[in-house]
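Quick notes on the structure that follows.
The values are calculated or read from the model by the stated rules, or taken from the named source; none is laboratory data. Not measured: the values here are computed from a predicted model. No Cβ is skipped: glycine too gets one built from the backbone with ideal geometry, and neighbour counts run over all protein chains shown. Keep in mind that these areas ignore ligands, DNA and RNA; they rest on the heavy atoms of the full protein, side chains included. Shrake-Rupley method; radii C 1.70, N 1.55, O 1.52, S 1.80 Å.
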Amino acid sequence: ANTYTSILGSAVLDDVVEVKGYISAVSTQGPILTDNTGSIIVYKAADLGLAVGDEVTVNGPILAYNNGFQFDYSKGGVTVEKTGYTAVTYPTPMDITGEKADELLTSRQEDELCHFAKMHGVLSISTNSDGTKTYYNFNIDGAENAVGSLYNPTEEIVAQLTNDTEYTLYGYFTSISKSSGAPKYINMIVVSVNEAPAIDGGEATNNY
């Protein structure tokens, strides 16, 4: 049996916890940590060089941003220790259809964990005016208001993406960010493009 904790599923804001789990996804801002009961982003921990499958112990306070729980490595008080390696499988993904994406803009009022999910649509890649930041927006099939947003994708993911191309994306729905004060972007840390990663068929905890 694994030695992972069952802490994240019942975590609340400002809890100081020790979580034993594994890395299930990575972004250029930090990885996703999963234990037996849920998944959370470890914000600003990208420079630790953690990879999917690394087993880690993370200590620190549970914070939140954009209604998504997170550890914030940049604020201090968070320690990350690598302890081993495991093969990663994923729960059955929540299907973020256009209708579901629009619904999430209003229903997501509380701080929540990350949810493994998939979404289908067309990618739109753009750059800000001075060329310093690239945006990977995702026009989810059938969504009227919500727009998918690829959250700080790694070079490995970016290399698989072409502008104005249709994809099915698998990854972790982390949070919802606003545009002009209104909820708009469904943020996802992408694990896999078009091909489903290893799904063990288990139900995602805290599923919608």
Inset, instruction - For 73, 167, give the ranking by accessible area with the largest first, probe 1.4 Å. - result: 73, 167
Legend entry - Max mean-square fluctuation residue, GNM over the chain, Cα-Cα springs under 10 Å, options 171, 49, 30: 49
Legend entry - Chain lengthening between residue 122 and residue 10 when straightened (0.36 nm per residue, less Cα-Cα): 36.8 nm
Inset, instruction - Write down the Kirkwood hydrodynamic radius of region 19-135, to one decimal in angstroms, obtained as one divided by the mean of 1/r over all alpha carbon pairs. - result: 15.8
Legend entry - Highest-MSF residue in the chain out of 56, 42, 17 [GNM, Cα springs under 10 Å]: 17
Inset, instruction - Under 13 Å from the Cβ of residue 97, count the other residues' Cβ atoms, weight Lys and Arg +1, Asp and Glu -1, and hand me the total. - result: -4
Inset, instruction - Pairs to check: 44/118; 75/100; 75/184; 100/133; 20/178. Give those whose C-alpha atoms are more than 30 Å from each other in this structure. - result: 75/100; 20/178
Legend entry - Mean accessible surface per residue for the chain, computed with a 1.4 Å probe while every protein chain stays in place, in Å²: 47
Legend entry - Zero-based 10 Å bins, Cα pair distances in region 1-53, whole percents: 27, 52, 21, 0
Inset, instruction - Please give the calculated 222 nm ellipticity per residue for the chain, where each DSSP H segment of at least 4 residues contributes -39500 (n - 2.57) and the sum is spread over every residue; nearest 500 deg cm²/dmol? - result: -1500 deg cm²/dmol
Legend entry - Accessible surface of the chain [probe 1.4 Å, protein heavy atoms]: carbon and sulfur percent: 45
Inset, instruction - Give, as a single signed number, the net charge of other residues whose beta carbon lies under 13 Å from the beta carbon of residue 167, with Lys and Arg counted +1 and Asp and Glu -1. - result: -3
Legend entry - region 117-150 residues near the modelled residue 99 label - backbone nitrogen below 20 Å, point 7 Å along Cα→Cβ: 117-122, 139-148
